[in-house]
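Working notes, beginning with the structure itself.
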Amino acid sequence: MNMKIKTSHLLAVSLATVILSSCAGKALEAADTPSVIPLPEEIVTGEGSLTLFPDTGIFFSEDVPDMYRPVSALQRLLTSVFGERTELTFCAGDIAADSGEPEIRIPGRNWVTMALDPELPRSGYRIEIAPEGLKILGGDAAGCFYAVETLRQLIPAEAYVGEKVASVTLPALTVTDAPAMDYRGFMMDCARHFFTVEEVKEVIDIMAMHKLNVFHWHLTDDQGWRIESEKYPELVRVGSVRKRTLIGKDPGGTYDENTRYDETPHGGFYTKEQMKEIVDYAADRFITVIPEVEFPGHAVAALASYPYLGCTGEQYEVRQTWDIDDRVFCMGKETTFGFMEDILAEVMEIFPSAYIHIGGDECPDKMWRKCPDCTRRMKEEGLESFRELQGYGVARLGDFVESFGRHLIGWDEILEAGVTPETIVMSWRGTEGGIKAARMGNRVIMCPTEYCYLDYYQFPDTENEPLAWGGLITLEKAYSFDPLSGLDETSSRNVLGVQANIWTEYISTLDGFEYMMLPRVAAISETAWSYGRKDWTGFSSRISRMYPLYDACGYTHAPSSRIEE
């Protein structure tokens with residue numbers, strides 16, 4: 001928690017003085033026509049307006065679990081508009097259940113009331129703005145938080161920059177809203193290029209602005225291991241640093257004396273305390289962090305640290321190029337599974353998420369075919385193919401994760417190896433894998449490359465764009481994604497939601513990352529939150545009003561002029 005909240009009952013604090021910094025400044029008035037992304041279920045305009053001032057107070061129910069999180073978010077929002085307070089008192093007390101009103105009001109004060117409404121769905125909210133006050137009601141504390149993020153967009157973007165304002169006038173209206181999908185994800189690859197804790201937090205802030213609620217954190221790969229391990233210190237001493245990095249486009253795995261590299265070593269890792277800090281920071285924004293530890297492929301950084309984990313025991317270097325590598329975890333040695341179970345146990349101590357991502361994608365079997373340990377394992381387990389060998393390993397780790405009350409997620413290649421009913425499938429090679437899994441009864445997250453890979457180019461004129469992996473996903477293309485296409489009503493229920501992914505082979509800075517993320521992540525967020533009521537014409541109008549907010553927050557985004565061409 002980032003602030004101290006005085007949670008004395010209202011009667012005890014009714015005479016408290018709120019000391020403010022100078023509140024001289026401009027008076028702002030919001031547009032009469034509200035514009036919100038993702039699109040709410042309903043916005044009804046009313047009569048009159050409400051003016052918020054720097055002494056606006058917050059009244060909330062102190063006994064609601066996690067209510068301090070949306071209250072903290074509202075405090076941060078008001079402070080960003082009106083300036084820092086040297087002291088700010090929150091009046092906590094009982095809320096009348098029938099009306100959502102505080103039992104006692106302080107005359108002469110402008111109040112925002114935050115409370116629960118049992119009639120609202122989980123994560124749903126209602127904002128009621130009227131001349132007499134502003135009321136935020138949520139189906140739970142998460143719903144109240146999402147209401148605060150909607151309020152952020154209702155306030156003019158210029159309120160967040162320059163001179164702090166003296167007042168903000170909002171038109172009377174009621175916003176009623178709830179998410180269509182439970183899983184609204186975003187993946188950040190910190191293995192190919194490392195990003196600092198503060199940079200990761202900024203990405204989480206952008207997610208929160210768009211009401212995304214799952215941060216999939218890609219932490220290990222061939223090019224870097226980012227997780228501190230007490231039992232395996234070589235993972236960060238050796239595996240977290242590569243000695244050089246490929247410059248320019250991947251030549252398809254053909255490297256010679258003409259291949260160019262940046263010879264600067266690149267690396268970094270997150271301590272356990274730093275990862276816990278990220279988990280807590282995200283939780284304050286109702287975002288769950290799901291860690292990804294790659295297995296059995298994308299493992300060269302781990303094998304460079306501990307060569308016995310591979311089939312040959314050779315000493316490797318952390319990979320400096322991007323294509324798929326044949327060097328993978330040995331599936332025949334018990335030491336491999338001992339290592340992975342130790343790592344997953346450490347990971348689950350840090351990350352309380354219900355899901356743990358195991359990867360499982362792009363795993364060649366070339367080394368297994370030559371390995372006596374792997375062929376022996378196949379014979380002992382009665383396995384007929386090397387894909388079944390992979391399935392054996394993934395299922396074994398799935399059982400281990402399940403023993404902790406968690407569930408495994410894997411990329412859709414795990415379907416080829418066979419999955420348990422409890423495994424969640426992340427469909428990236430189109431939606432076909434997700435459709436198959438959903439029809440089998442497995443839970444599914446849709447993130448196909450053609451709509452959700454935001455490391456692809458976003459404009460046809462690629463010569464004037466930063467280097468990207470390839471492909472083309474314009475804003476309109478991203479918005480057109482239908483994650484339930486091809487599924488009947490029964491199978492559709494197995495789709496947890498959708499996710500946008502950004503891989504960082506060619507993205508080394510936060511500015512570059514945000515450029516690829518914005519505004520396309522808004523399109524993905526609206527698919528997840530507003531599925532069934534999307535409208536490209538309306539979205540293209542509303543997104544134009546987001547650019548000033550992105551600018552006010554200091555976020556880098558693709559030029560609005562190019563998007564509107």
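Side notes on the structure shown:
- Test for residue 519: is it open to solvent by less than 30 Å² (accessible area, probe 1.4 Å) and in contact with a His (Cβ under 8 Å, 6 or more places away or on another chain): yes
- Some residue of the range 500-513 being within 13 Å of residue 210 (Cβ to Cβ), touching a residue at least 40 places away in the same chain (Cβ under 8 Å) and touching a strand residue (DSSP E or B) at 6+ places or on another chain (Cβ under 9 Å): yes
- Subset of the range 52-63 that is at pLDDT below 85, in contact with a strand residue (DSSP E or B) (Cβ under 7 Å, 6 or more places away or on another chain) and under 21 Å from residue 286 (Cβ atoms) - its residue that is most open to solvent (accessible area, probe 1.4 Å): 62
- Cβ-Cβ under 8 Å pairs, at least 6 apart or on other chains, the range 38-49 side in a loop (DSSP other than H, G, I, E, B) and at pLDDT 95 or above, far side surrounded by 10 or more Cβ atoms within 10 Å (Cβ to Cβ) and among the acidic types (Asp, Glu): 38/526; 39/526; 39/535; 40/177; 41/177
- In summary, residue 533 fulfils each of the numbered conditions (1) buried (at least 22 other Cβ atoms within 10 Å of the Cβ); (2) part of a loop (DSSP other than H, G, I, E, B) with the single exception of condition (1).
- In the range 184-213, the residues that are open to solvent by 10 Å² or more (accessible area, probe 1.4 Å) and under 10 Å from the mean Cα position of the chain (by Cα): 205, 213
- Cβ separations smaller than 6 Å between residues 6+ apart or across chains give no pair from the range 379-396 residues that are touching a residue at least 60 places away in the same chain (Cβ under 8 Å) and more than 14 Å from residue 411 (Cα to Cα) to residues that are among the polar types (S, T, N, Q) and open to solvent by 40 Å² or more (accessible area, probe 1.4 Å).
- Listed by first and then second residue, the pairs with beta-carbon distance under 7 Å, at least 6 apart or on different chains, first residue in the range 300-314 and farther than 17 Å from residue 370 by Cα, second part of a helix (DSSP H, G or I) and acidic (Asp, Glu), are 305/234; 306/234.
- Unmet criterion (only one of (1) out of contact with any Phe, Trp or Tyr (no Cβ under 7 Å at 6 or more places or on another chain); (2) modelled with pLDDT under 95) for residue 466: (1)
- Residue in the range 35-52 that is over 31 Å from the mean Cα position of the chain (by Cα) and farther than 19 Å from residue 153 by Cβ present: yes
- Scanning the range 460-490 for residues that are open to solvent by 10 Å² or more (accessible area, probe 1.4 Å), of a type in the set (Gly, Ala, Ser) and under 18 Å from residue 248 (Cα atoms) turns up 470, 471.
- Pairs are defined by a Cβ separation below 6 Å, a sequence spacing of at least 6 or placement on different chains, a first member in the range 552-565 that is over 25 Å from residue 204 (Cβ atoms), and a second member that is modelled with pLDDT of 90 or more; the pairs so defined are 562/459.
- Matching entry among 165, 175, 161 (being surrounded by fewer than 23 Cβ atoms within 10 Å (Cβ to Cβ) and farther than 30 Å from residue 507 by Cβ): 175
- Cβ-Cβ under 7 Å pairs, at least 6 apart or on other chains, the range 280-297 side on the phi > 0 side of the Ramachandran plot, far side buried (at least 24 other Cβ atoms within 10 Å of the Cβ): 286/145; 286/213
- Of all positions in the range 200-216, none carries a residue that is modelled with pLDDT of 95 or more, farther than 27 Å from residue 64 by Cβ and in contact with a Ser or Thr (Cβ under 7 Å, 6 or more places away or on another chain).
- Residues located in the range 244-269, provided they are under 31 Å from the mean Cα position of the chain (by Cα), under 22 Å from residue 469 (Cβ atoms) and open to solvent by 80 Å² or more (accessible area, probe 1.4 Å): 249, 264
- Here residue 192 meets the list (1) farther than 30 Å from residue 245 by Cβ; (2) part of a loop (DSSP other than H, G, I, E, B); (3) touching a residue at least 40 places away in the same chain (Cβ under 8 Å) almost entirely, failing just condition (1).
Each row is one residue, and each column tells you yes or no for (1) among the hydroxyl-bearing types (Ser, Thr, Tyr); (2) at pLDDT 95 or above.
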{"position": "487", "(1), (2)": "no, yes"}
{"position": "490", "(1), (2)": "yes, yes"}
{"position": "496", "(1), (2)": "no, yes"}
{"position": "501", "(1), (2)": "no, yes"}
{"position": "529", "(1), (2)": "no, yes"}
{"position": "547", "(1), (2)": "yes, yes"}
{"position": "556", "(1), (2)": "yes, yes"}
{"position": "560", "(1), (2)": "yes, no"}
{"position": "563", "(1), (2)": "no, no"}
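- Residue match in the range 23-37 (condition: assigned to a loop (DSSP other than H, G, I, E, B), at pLDDT 95 or above, crowded, with 18+ Cβ neighbours inside 10 Å and out of contact with any strand residue (DSSP E or B) (no Cβ under 8 Å at 6 or more places or on another chain)): yes
The values are calculated or read from the model by the stated rules, or taken from the named source; none is laboratory data. Everything numeric in this text was worked out from a predicted model, so none of it was measured. Glycine gets a Cβ as well: all are built from the backbone with ideal geometry, and neighbour counts include every protein chain shown. To get the accessible areas, we keep the full protein, side chains included, count just its heavy atoms, and leave off ligands, DNA and RNA. Shrake-Rupley method; radii C 1.70, N 1.55, O 1.52, S 1.80 Å.
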